[in-house]
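K.L.:
Please see the structure below; I have some questions.
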Amino acid sequence: MTLNISPGDLRRMKQARRAAALTGAGVSAESGVPTFRGKDGLWRSFRAEDLATPEAFARDPKLVWEWYDWRRSLIAPLAPNPGHYALAQMEKIFPRFTLITQNVDGLHRAAGSTAPVEMHGNIWLTRCVREGSICENRQAPLPEIPPRCPGCGALLRPHIVWFGESLDPDVLEQAFTAAREAELFFVIGTAAAVQPAASLVGIAKEHGAMVVEVNVEETPVTHLADVSLRGPSGKILPELVNLLQSA
Ligand SMILES: NC(=O)c1ccc[n+]([C@@H]2O[C@H](COP(=O)([O-])OP(=O)(O)OC[C@H]3O[C@@H](n4cnc5c(N)ncnc54)[C@H](O)[C@@H]3O)[C@@H](O)[C@H]2O)c1
Ligand SMILES: [Zn+2]
């Protein structure tokens, strides 16, 4: 595959010292992680919007945990794809590179990205509803549903930002700072339908970043892109890394 990037655009990309990327579920699609909007995203007849909410958890924590247990069990055997590895490489290409992800699957870290900003949390972390303590738990399936805090016995919940909840202020600050400071901003495999993540693209652009989109389809932020690369990220990103590393 040859990427459709003009020599001038490539030069501008190579000159960037501060780069950032925002990734979404599309980056993990080639690893086999279902996106919410694809047909594989459905579980029993529930939609994600009906399960990933504080109301659903208050009403029926067992049901919500059964869904997470299903998702965790789907993701557990999966591995990063070449797109994840290419993004980990970018830390070596740019003097500063911030990876911002909406994904909760942990695959960026598994591919070697050192400090991904996980805007929506991580499916392998639990949080005690009483104490707020966060623990890693990689058991899938879980032996007991819903799981309880070993310290105090209260319910544990997934350390995930649900629909209707606000994002961690520190995480938001890191993401917005990276967007404001970026000279080059990649937006990859996201439908750009969830706020505030999608607004990062506009913020980067307003602050002068060159915007490069990688997606199999057009999205609501395509019009902001200086360069649009249409295709699967697992194919395009390794090519892009090769070009960026070439003399
Ligand atoms: N892997 C995960 O962790 C995961 C999976 C599903 C949903 N979610 C959550 O659901 C929300 C969904 O929003 P979203 O925008 O991330 O995902 P989305 O499901 O709304 O959109 C996926 C996007 O990826 C594109 N895409 C699909 N396959 C691709 C590929 N191979 N290469 C490049 N692009 C591809 C699609 O065209 C679409 O624009 C997020 O908040 C996220 O936290 C996470
Ligand atoms: Zn506790």
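The values are calculated or read from the model by the stated rules, or taken from the named source; none is laboratory data. Remember, predicted model here, so these are calculated numbers, not experimental data. No Cβ is skipped: glycine too gets one built from the backbone with ideal geometry, and neighbour counts run over all protein chains shown. Side chains are part of the model used for accessible areas, which takes the heavy atoms of the whole protein and leaves out ligands, DNA and RNA. Shrake-Rupley method; radii C 1.70, N 1.55, O 1.52, S 1.80 Å.
K.L.:
For the stretch 173-247, go through all pairs of different Cα atoms, get the mean of 1/r, take its inverse, and jot down that Kirkwood value in Å.
P.N.:
Evaluated on the stretch 173-247, it is 12.7 Å.
K.L.:
Which whole-number percentage describes the relative contact order of the stretch 36-145, with Cα contacts under 8 Å and a sequence gap of 6 or more?
P.N.:
22 percent
K.L.:
Please list Ser246, Ser28 from largest to smallest accessible area, probe radius 1.4 Å, with all protein chains kept in place.
P.N.:
Ranked list, largest accessible area first: Ser246, Ser28.
K.L.:
Sticking with this one: To the nearest 0.05, what FRET efficiency results for Ala247 and Arg37 with a Förster distance of 25 Å applied to their C-beta separation?
P.N.:
0.05
K.L.:
May I pose another question? Can you tally the net charge around Cys152? Count Lys and Arg as +1, Asp and Glu as -1, for every other residue whose Cβ sits under 14 Å from the Cβ of Cys152.
P.N.:
It works out to a net charge of +3.
K.L.:
Please report the antiparallel percentage of the DSSP beta bridges confined to the stretch 167-247, to the nearest 5.
P.N.:
In the stretch 167-247, approximately 0 percent of DSSP beta bridges are antiparallel ones.
K.L.:
Hey, another quick one. Work out from phi, with θ = phi - 60° and the Karplus expression 6.51 cos²θ - 1.76 cosθ + 1.60, the ³J(HN,Hα) of each residue of the stretch 69-84, listed in order in whole Hz, and give x for Gly and Pro.
P.N.:
Per residue, the Karplus-derived 3J(HN,Hα) values read 4, 5, 5, 4, 5, 5, 7, 3, x, 8, 10, x, 10, x, x, 4 Hz.
K.L.:
Another question about this same structure. For a distance above 23 Å, tell me the whole-number percent of Cα pairs in the stretch 61-174 that qualify.
P.N.:
So the pairs more than 23 Å apart make up 35 percent of the total in the stretch 61-174.
K.L.:
Which ³J(HN,Hα) values, rounded to whole Hz and listed in residue order, are derived for the stretch 96-113 from phi using the Karplus coefficients 6.51, -1.76 and 1.60 in 6.51 cos²θ - 1.76 cosθ + 1.60 with θ = phi - 60°, glycine and proline given as x?
P.N.:
The phi angles translate into 10, 9, 10, 9, 10, 10, 8, 6, 10, 7, x, 6, 5, 4, 4, 7, x, 5 Hz.
K.L.:
Output the antiparallel fraction of DSSP beta bridges having both residues in the chain, as a percent to the nearest 5.
P.N.:
Close to 30 percent.
K.L.:
Rounded to the nearest whole Å², what accessible area per residue is found for the chain with the 1.4 Å probe?
P.N.:
47 Å²
K.L.:
Right, something else. Enter the Cα centre distance for the pair the stretch 160-207 and the stretch 1-65, rounded to the nearest angstrom.
P.N.:
One Cα centre to the other: 13 Å.
K.L.:
Find how much the distance from Asn137 to Asp226 grows on full extension, using 0.36 nm per residue of separation minus their present alpha carbon separation; answer in nm with one decimal.
P.N.:
The Asn137-Asp226 span can extend by a further 27.9 nm.
K.L.:
Ok, one more. Note down the nm distance, to one decimal, between modelled labels 7 Å out along Cα→Cβ at Ala76 and at Val216.
P.N.:
2.7 nm
K.L.:
Once the Cβ-Cβ distance between Asp168 and Ile93 is put in as r, and R0 is 41 Å, what FRET efficiency do you end up with, to the nearest 0.05?
P.N.:
Once the sixth-power term is evaluated, E becomes 0.90.
K.L.:
Through the Karplus equation 6.51 cos²θ - 1.76 cosθ + 1.60, θ set to phi - 60°, convert the phi angles of the stretch 158-173 into ³J(HN,Hα) values in whole Hz; use x for Gly and Pro.
P.N.:
x, 7, 9, 7, 8, 3, x, 9, 8, 7, 4, x, 5, 5, 4, 4
K.L.:
So, one more: Just from the alpha-carbon atoms, what are the Rg and Dmax of the chain in angstroms?
P.N.:
18.5, 60
K.L.:
Moving to a separate point now. Per the 1.4 Å probe, what fraction of the accessible area of the chain, in percent, lies on carbon and sulfur atoms?
P.N.:
51 percent
K.L.:
Check Val161: other-chain or 5+ apart residues with amide H under 5 Å from its amide H, H built from backbone geometry?
P.N.:
Sorted by chain and number, the residues that satisfy this are Gly121.
K.L.:
Would you please give the residues with an amide H less than 5 Å from that of Leu229, counting only those at least 5 places away or on a separate chain, with H modeled from the backbone geometry?
P.N.:
Glu213, Val214, Asn215
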